[in-house]
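Here is the structure we will look at, set down as structure tokens.
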Amino acid sequence: ELRAKQEQASPGKGDFRRVFVDNIHPSMTRNEFVHLLSDYGSVQSVVLPFNEEGKSLGYASVIFATDAEAQLAINMLHGSVHHGKKLVVYSSQPPAGRLKVCLDRL
């Protein structure tokens, strides 16, 4: 039973619960971001990096409880405007070249 729960909680091959979000306004807090996402499902994990001044770096990785919740968040949030910026929201595989841009920001 414990093993089954661990497999459910751990992202694996073919897991589409992970969502990436780009173009997040620097002033958005973690709590604001989680609240925004929780309208579409149960948020299991959020990685939203901040700089030394406490400003968002503009991108995040999110894991939802189910694939369906992740897809709903993508459908509803992609292209939506928050804090004057249009969010770019996509599934576990970022568009070609985008991962390198995100890693270069670190």
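Data for the structure
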| item | result |
| --- | --- |
| Accessible-area value, MET76, 1.4 Å probe, nucleic acids and ligands omitted, Å² | 100 Å² |
| Sequence-distant residues sharing a close amide H with MET28 (under 5 Å, placed H) | SER56 |
| Amide H partners (placed H, <5 Å) of TYR59, local residues excluded | ILE24 |
| Residue-level accessible surface for VAL34, protein heavy atoms, 1.4 Å, Å² | 40 Å² |
| Proximal charge balance of LEU72 [Cβ under 15 Å; K/R count +1, D/E count -1] | -1 |
| Accessible surface of SER38 - all protein chains present, 1.4 Å probe, nearest 10 Å² | 60 Å² |
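The values are calculated or read from the model by the stated rules, or taken from the named source; none is laboratory data. Model, not experiment: these values are computed from the prediction. Quick reminder, even Gly has a Cβ in these numbers, built from the backbone with ideal geometry, and neighbours come from all protein chains shown. Just so you know, the surface numbers come from the protein's heavy atoms only, side chains and all, with ligands and any DNA or RNA stripped out. Shrake-Rupley method; radii C 1.70, N 1.55, O 1.52, S 1.80 Å.
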